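Chemist: Have a look at the structure that comes next, please.
The values are calculated or read from the model by the stated rules, or taken from the named source; none is laboratory data. This one's a predicted model, so the numbers in the text were calculated from it and none came from an experiment. Cβ placement follows ideal geometry from the backbone for every residue including glycine, while neighbour counts extend to all protein chains displayed. Note: accessible area is taken over every heavy atom of the protein model, side chains too, but ligands, DNA and RNA are not part of it. Shrake-Rupley method; radii C 1.70, N 1.55, O 1.52, S 1.80 Å.
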Amino acid sequence: MRVGFRTSPQNTDWASLEAAWAEAGQHDVFDSGWLNDHIVDPGADRGGPAFESMTSLAALAHHVPGKWVGQTVLAATFRHPSMLANEALTLDHLTGGRYILALGAGWHVGEHESFGIDLPPLGERFDRFEATIRILRALFSDEAGRPPGVTLDAPPFRLDRAVMEPGPVRPGGPPLWLGGQGPRGLRLAARYADGWNYASNLDGTLEGFIERRDRLTAECEAIGRDPATLTLSVQIIIPSGGEPRRAALDRAVAYGRAGAAEILLTTLAREGAAGIRRLATEVAEPLKATFG
């Protein structure tokens, strides 16, 4: 069982966010650290304070040396895949090969409409999502690290003798985790991903996780892939204290027993260092102790 902390960079000031990550670096119980990827407060229809996730992670990663870092999940609609690949490779080098690129198709209607970012209908959105994945894989390949580069048609995107240097620290590039929850998203995870993330914080349930776990297993087996090579992770919101916090710990244990290999414990960044200390001692340590 691996345990990560997750501090969404919304509705907080920078000092509190940085204090939380600095504190997390002092706790060996955490294997990874995570942000989300929104331009606004995702709990609101529009607006709300938010720090951009790629630059924030680049600024925070030095606080947690030796831990994996990432975002659950980046919105594929926000960035051109070639720029995303370059950003990911920069973080790959910055962290010594400990950056996980977790990607979703995009979903928050209000932030897309507010800023004029295209959010296509679901079918087209997943066409573009798969095209983004193919571009990323191509730019993380050995061929992209030297001339003549890679050429790929992945409509609406195209690579024409693209060379991206320096190449990744980790062969094949940063691990790619996908966040699709529906049938097509699960097929894409089975085909392309190193990991899959279940967003229990978005009205997910244990039963929903088990159903998708079983479908992922079937999708992997259908293409001749060992399901054990796909890391399953779950995001869980951990309340500030009291009985809701104990209930959240019980849910985390249940997800682990149902097959989640990594539990991402989400707490409020504005609680700063104190929030991370509570998260470590009251949730992360008992969770890890349960699984030995």
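Chemist: Please report, as a whole percent, how much of the solvent-accessible surface of segment 226-292 comes from carbon and sulfur atoms (probe radius 1.4 Å).
Modeler: The computed percentage sits at 55.
Chemist: Let me ask something else. Using the reciprocal of the averaged 1/r over all distinct C-alpha pairs, how large is the Kirkwood radius of segment 14-132 in Å? Present the calculation step by step, with values, prior to reporting the outcome.
Modeler: Numbers: mean 1/r = 0.0656 Å⁻¹.
Here the Kirkwood hydrodynamic radius works out to 15.2 Å.
Chemist: Output the direction-averaged projected area (hull surface divided by four) of the convex hull of the alpha-carbon atoms of segment 236-292, in nm².
Modeler: In nm², the orientation-averaged hull projection of segment 236-292 is 3.6.
Chemist: What is the magnitude of the charge dipole of segment 222-289 about its Cα centre, with +1 placed on the Cβ of each Lys and Arg, -1 on the Cβ of each Asp and Glu, and no other charges, expressed in debye to the nearest 20?
Modeler: 80
Chemist: Once Rh is set to the Kirkwood radius over Cα pairs, what Stokes-Einstein translational diffusion coefficient, in µm²/s, holds for segment 20-90 at a temperature of 37 °C and a viscosity of 0.692 mPa s? Could you put the intermediate results ahead of the total?
Modeler: Working: Rh = 13.4 Å.
After rounding, the answer is 246 µm²/s.
Chemist: Separate question: Would you calculate a helix-derived [θ] at 222 nm for the chain, using -39,500 (n - 2.57) for each DSSP H run of n ≥ 4 and dividing by the full residue count, to the nearest 500?
Modeler: -12000 deg cm²/dmol
Chemist: Then there's this: On the protein heavy atoms, probe 1.4 angstrom, tell me the percent of accessible surface of segment 3-56 carried by carbon and sulfur.
Modeler: 49
Chemist: Would you list the P(r) distribution for the chain, with all Cα-Cα distances sorted into 10 Å bins from 0 and each bin expressed as a whole %?
Modeler: 6, 28, 37, 23, 5, 0
Chemist: Where the eigenvalues come from the Cα gyration tensor of segment 1-61, what are the semi-axes √(5λ) of the equivalent ellipsoid, largest first, in whole Å?
Modeler: Result for segment 1-61: semi-axes of 22, 12, 10 Å.
Chemist: So if I take the centroid of the Cα atoms in segment 122-143 and the same for segment 1-33, what is the distance between those two points in Å?
Modeler: 30
Chemist: Tell me the per residue accessible area of the chain using a 1.4 Å probe; a whole number in Å² is fine.
Modeler: On the way: 12360 Å² over 292 residues.
Value returned for the chain: 42 Å² of accessible area per residue.
Chemist: Here's a follow-up. With the contact rule set at Cα under 8 Å and sequence spacing of 6 or more, what percent relative contact order holds for segment 137-261?
Modeler: Working: 170 pairs, mean separation 21.7, N = 125.
Worked out over segment 137-261, it gives 17 percent.
Chemist: Might you report the magnitude of the Cβ-based charge dipole of the chain about its Cα centre, with Lys and Arg at +1 and Asp and Glu at -1, to the nearest 20 debye?
Modeler: Magnitude of the dipole: close to 460 debye.
Chemist: Please give the direction-averaged projected area of the C-alpha convex hull for segment 64-195, in square nanometres with one decimal.
Modeler: Taking a quarter of the hull surface, the average projection is 8.2 nm².
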